[in-house]
Amino acid sequence: MTDPDPIPRKAAPGKPAPRRSIPLALDDGGSMYVSEAKIHPRDVDGMFQRLRTVAVWWLLGMYYLFAWIPWSDGSGGSRQAVLFDLPARKFYVFGLNFWPQDFVYLALLLIIAGMALFFFTSLAGRLWCGYACPQTVWTEVFLWIERWCEGDRAKRIKLDASPWTRVKVLRRGGKHVLWLVFALWTGFTFVGYFTPIRELAAHAPLAGSGQWSGWETFWILFYALATWGNAGFLREQVCKYMCPYARFQSAMFDRNTLIIAYDPMRGEPRGSRRKGLGSVLERARGLLDKATAYDYVFRAAHHHTAADNLVAARGNTSVLDPKAVAEPLPSFEPAQLGDCIDCTICVQVCPTGIDIRNGLQYECIACGACIDACDQVMDKMGYPRGLIRYSTQNAIDGRPTRVLRPRIVLYGVLLLALLAGFAWGVTHRSALIVEVLRDRNALYRVNEGGGVENVYTLKLINKTMAPQRYRIALDGPDGIHLQGGARTVQAAAEEVLNLPLVVEAPPGVSGKREVRWQVTPLTGRDEAASAAAAAADDATEVSVNFFGPIP
Amino acid sequence: MSAGGTPDFDHPPRPMAQRVGAILWPSFFAAGVSTMVCFALLDPLTLRDATFPDLDIGREAGYALGFFAFWLATASSSLFTWILLRPASRFNRRLKGD
């Protein structure tokens, strides 16, 4: 790659002073394709980084531990608290069990997740990206490992450029070994949510008896590979090029949404200075007006400073404006300078490699690293914190912020309603499913006495995790009755019963009649009272057709 | 790697017919092929009996429903691809009123 424009601009009298300037990007040998440079985020400490660390421990803690929690299965034994038993088509989440018939709740859960995303994005920006997205959470852990093996940003960049010495092989190799172990453990845990994890551990290839099945091995390796690739290599490229949320976040943003924002009125014009110059908040210059401040940002984005070139900041697209021409920046007296000292640390800490001073960009995952970094610098300079801060566009522009606005209220109400509906629905699910299938072979048959018989299969599903007894009865017109009368059946916990039953009509019944099956749970009541209650509300009724000869 | 990184090239928006066409036409084609393969192996009437036996859906209606379901899926995928391929400048615009 050639050097950035080495020819300084010549200063005309009364015109802006010389300033090194390079185009936004250089043509890479005539090709439009520019390969991604690896981003090495600089280590940073501060409130937001500590919050993110807490989020990583909390979320990954749940992921790695929940699979190991045992839970009573209702009949004296124990099962895994969270288990998605695909072969049995049953999901267990702590005390709840879900059957294929409960699929609607999964759909509802997805809608709730979507609505929560809308609500929190409108309110506080991309909280999801910064704190909860698996992509960022696992990337964070992989970065910790990388930092532990290879050192901080400067050391990693140096190591990247160095030839393959023994130290490089050891540091790189160590990193990949740790990454792979962690990725394999992640894949193992993932499969442990579908196959009981304790059995899976007992069947581990080197651990003990037996082997993993082919599919278990495949999915463990597949998920490990995905973790390794996404968190180790793709990282911010997933957010920038693959994530749809980054693209449509702007539909949920407005000027009252919390964003990570640089305050150009306070910070511009940026520049290094000698120690001793106070903050603009404490000296005569004060805040710039908005138009001048944004113009300086625009110019700085197009005419990189020497400091920018050192860190190779990327992602300047927010101030691409094909119609506007960026004039070079004049040189400023120290007294004119804003509070940004152009140290570029906010760029160096950014995991997506953008310059937040250019304004909100879709690449920003709202991790807050630049806030923490800038606050540290402001502390060192003796300036008040908050040159980069969590704020709203309105607040940055000096206008009042409205938290309660129509979209927040609308999303909030919808979210609450959906949550309430979900909670009510899940806790009030019917504990019994009754399905009636007609015999497929014959519409009806006539028995020796001239009566007409229809054969049905009654499918009873006891969805509870306890044994149940049910009373089965039939209510039909014209003397149509259940052969042998009403009866009681026993179903074990989560058992599916298939009962072939014969319904009989007296001779002479013809054509199509409607009959009603009634199934009443009996457990915990005395039989006589139950029989009386059988026709009452808590019976599950299914109406089907009864066919006789055509008259 | 240059200091800028992002190529200094921003394709202007393409005509509406091209945008819509590039989403609907490949997805239409893929949906057609998928429908053919799917219903060469499956009878719509079997599907109906397994799902909504009470509804009166004939074979023709089943084929049509299947095709449009496939098209919905493939067109969604094409739309997603289009969104991801839009240049960053389409998203990183100035706020209205600035």
For A:L178: the one exception among (1) under 30 Å from the mean Cα position of the chain (by Cα); (2) assigned to a loop (DSSP other than H, G, I, E, B); (3) not acidic (D, E): (2)
Any residue at all in the stretch B:63-76 that is part of a helix (DSSP H, G or I), closer than 30 Å to A:Q249 by Cβ, within 14 Å of chain A (Cβ to nearest Cβ) and at pLDDT 95 or above? yes
Residue match in the stretch A:56-66 (condition: exposed (fewer than 13 other Cβ atoms within 10 Å of the Cβ) and more than 21 Å from the chain's Cα centre (by Cα)): no
Within the stretch A:16-55, considering residues that are aliphatic (A, V, I, L, M) and over 25 Å from the mean Cα position of the chain (by Cα), the one modelled with the highest pLDDT: A:A37
Among the residues in the stretch A:423-431, are any under 22 Å from the mean Cα position of the chain (by Cα), outside the structural domain of A:V519 (by TED's automatic domain parsing) and of a type in the set (G, A, S)? yes
Counted residues in the stretch A:324-339 being touching a residue at least 60 places away in the same chain (Cβ under 8 Å) and either in a loop (DSSP other than H, G, I, E, B) or buried (at least 18 other Cβ atoms within 10 Å of the Cβ) (or both) come to 9
Residues that are modelled with pLDDT under 50, in a loop (DSSP other than H, G, I, E, B), surrounded by 12 or more Cβ atoms within 10 Å (Cβ to Cβ) and within 14 Å of another protein chain (Cβ to nearest Cβ): does the stretch A:8-15 have at least one? no
Apart from one, (1) in contact with a strand residue (DSSP E or B) (Cβ under 6 Å, 6 or more places away or on another chain); (2) without any contact (Cβ under 8 Å) to a residue 60 or more places away in the chain; (3) of a type outside the set (A, V, I, L, M, F, W, C) all hold for A:D379; the odd one out is (1)
Among A:L288, A:L277, which is touching a residue at least 12 places away in the same chain (Cβ under 8 Å) and either surrounded by fewer than 19 Cβ atoms within 10 Å (Cβ to Cβ) or not assigned by TED's automatic domain parsing to the domain that holds A:E333 (or both)? A:L277
Pick from the stretch A:356-379, criterion within 14 Å of chain B (Cβ to nearest Cβ) and polar (S, T, N, Q), ranking: surrounded by the fewest Cβ atoms within 10 Å (Cβ to Cβ): A:Q361
Does the stretch A:118-170 hold any residues that are assigned to a loop (DSSP other than H, G, I, E, B) and surrounded by fewer than 19 Cβ atoms within 10 Å (Cβ to Cβ), and which are they? A:G151, A:D152, A:S162, A:P163, A:W164, A:T165
In the stretch A:234-311, which helices (runs of 4 or more DSSP H) lie fully inside it and hold 2 or more residues that are within 13 Å of chain B (Cβ to nearest Cβ), closer than 26 Å to A:G125 by Cα and of a type in the set (D, E, K, R)? A:290-302
Checking A:Y105, A:Y92 in turn, the sole residue that is touching a residue at least 12 places away in the same chain (Cβ under 8 Å), part of a helix (DSSP H, G or I) and outside the structural domain of A:A369 (by TED's automatic domain parsing) turns out to be A:Y105
Looking at the stretch A:380-401 only, could you name the residues that are loosely packed, with under 15 Cβ neighbours inside 10 Å and either within 14 Å of another protein chain (Cβ to nearest Cβ) or in contact with a Gly (Cβ under 7 Å, 6 or more places away or on another chain) (or both)? A:G398, A:R399
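The values are calculated or read from the model by the stated rules, or taken from the named source; none is laboratory data. Everything numeric here is computed off the predicted structure, so don't read it as measured data. Glycine gets a Cβ as well: all are built from the backbone with ideal geometry, and neighbour counts include every protein chain shown.
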